[in-house]
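Trainee: One structure, pasted below without further comment.
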Amino acid sequence: MTNSWWEIQILCDAVLEESMFWRLEMFGCKGMSSQREGNSSIIAAYVPKVSSHVLDLSALA
């Protein structure tokens, strides 16, 4: 059985990075990474498709 994942990418102020990781973890993301570009961070997070629905993802937004 192959797992399918949603990839969520978020652009935020670098000082908010830690709180974004916390929020994504509470949402159920199983892996996260970040990349800094100046004063901004691009966060990539992954959540299994079987544990979330499109409506859940829009609520996260």
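Trainee: Skipping prolines and chain starts, which residues have an amide H placed within reach, meaning under 5 Å, of the one on V47, given they are 5 or more residues away or on another chain?
Mentor: Answer set, sorted by chain and number: W6, I8, K30.
Trainee: Rank by packing, highest mean first: peptides 20-33, 3-16, with packing defined as the count of other Cβ atoms within 10 Å averaged across residues.
Mentor: Working: 20-33: 14.5, 3-16: 12.1.
Ranked by mean Cβ neighbours within 10 Å, highest first: 20-33, 3-16.
Trainee: Summing +1 for each Lys or Arg and -1 for each Asp or Glu, what net charge is found among the other residues whose Cβ lies under 11 Å from the Cβ of I42?
Mentor: -1
We did not get these values from a lab; they are worked out from the coordinates using the rules stated. Predicted model, so just to flag it, every value in this text is computed and none were measured. Positions of Cβ are generated from backbone atoms using ideal geometry, with glycine treated the same way; all protein chains shown enter the neighbour counts.
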